[in-house]
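S.K.: Sharing a structure here in structure tokens format.
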Amino acid sequence: MIGALLSSVCPKLQSLAFSSTRASDNRLLSLLSTTVEPLPSHMTPISDRIASLDLGSHPALLPSTLRRLATSLPNMRHFSLRSNNILSSPNAIDDLRGFFELVGRRNHLQTLTARSSPSFMDVDVVTTMVRCCASSLTKLDFGDRAAKMDRSADPLHYGPFSRTPIPSWGALNALTGLTNLAHLRLPGLQGVFDTGAMLKRMPSLVALDVSGCKNLKDQVLRELAEFCFLVRWIDVAGCEWIGDKALFGLGKESSVPYLTALDICGTDVSEQRLGWLVGRCSSLMKPRSLGPRTSRTSTGDSGRV
């Protein structure tokens with residue numbers, strides 16, 4: 001068995017990532033299932049050691065496989081899956097709910113990335129995720145893929161009839177139960193329009209990425225300044241309805257004292273208002289460039305969250 005081989009050859013392995021190769025469902029289950037072969041007493045089965053699992057881009061991975069993986073990996077803390085859309089498979093919703101119930105039972109899951117995976121945005125799935133994982137989850141990425149990505153490069157996900165994931169109002173509203181989140185990424189989601197209730201319940205938020213959410217307006221930054229005192233990193237690039245008024249809340253004395261990075265590329269914020277904000281927020285780094293609206297207009301550290 002492959003799992004037994006890895007257990008013996010890599011006795012300290014705790015993280016697996018399939019960034020360039022899509023493993024089949026059977027291969028994943030064979031690799032990560034509980035080892036049947038006996039191991040030396042000083043070795044721990046790989047299934048008991050894996051804390052971080054990144055399945056990469058996997059459009060056809062079945063929910064039943066995820067449920068079985070959750071059973072096999074009792075110590076999984078970080079999970080990532082991108083470009084997955086398997087709602088049409090039998091019992092998909094029940095299997096995804098079962099996945100979260102299993103990982104939530106152990107109270108370990110800290111990071112969840114389900115980028116461009118509409119199946120994870122079903123309201124029943126999100127509600128179960130919040131109910132089971134709210135106490136441990138600190139980082140959530142439910143967005144569409146980055147706007148710079150060439151969609152033609154992945155025809156399995158972006159075919160002629162594909163569209164950007166649009167979560168229901170109920171699914172977005174359920175996210176308000178994730179009160180321990182420090183990092184929240186919802187880039188490119190076209191259903192995001194009301195963030196007040198969400199941000200009010202997330203006082204520990206450090207990083208927010210809602211870039212490309214076309215329906216957001218000035219209020220998102222005002223609410224962020226009002227409810228999220230600890231925020232350091234904000235990305236509203238491509239939010240066309242956000243303008244100069246949005247920065248007034250961030251510029252209030254002591255509203256966001258730790259803010260170090262702000263991306264407003266593609267918004268309606270003027271260079272003058274951005275300069276005003278930099279002058280009032282000592283924690284913000286000086287702008288690297290203040291080019292035309294069509295170019296990248298940002299300040300601070302634009303590194304990944």
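S.K.: Could you list Lys217, Lys12 so that the one with the fewest beta carbons within 10 Å of its beta carbon is first and the one with the most is last?
M.R.: Lys12, Lys217
S.K.: What nm value, rounded to one decimal, do you get for the distance between Ala51 and Val123 when each label is placed 7 Å out toward the C-beta?
M.R.: 3.8
No lab work stands behind these numbers, since they all come straight from the coordinates. All of these numbers come straight from a predicted model, not from anything done at the bench. Glycine gets a Cβ as well: all are built from the backbone with ideal geometry, and neighbour counts include every protein chain shown.
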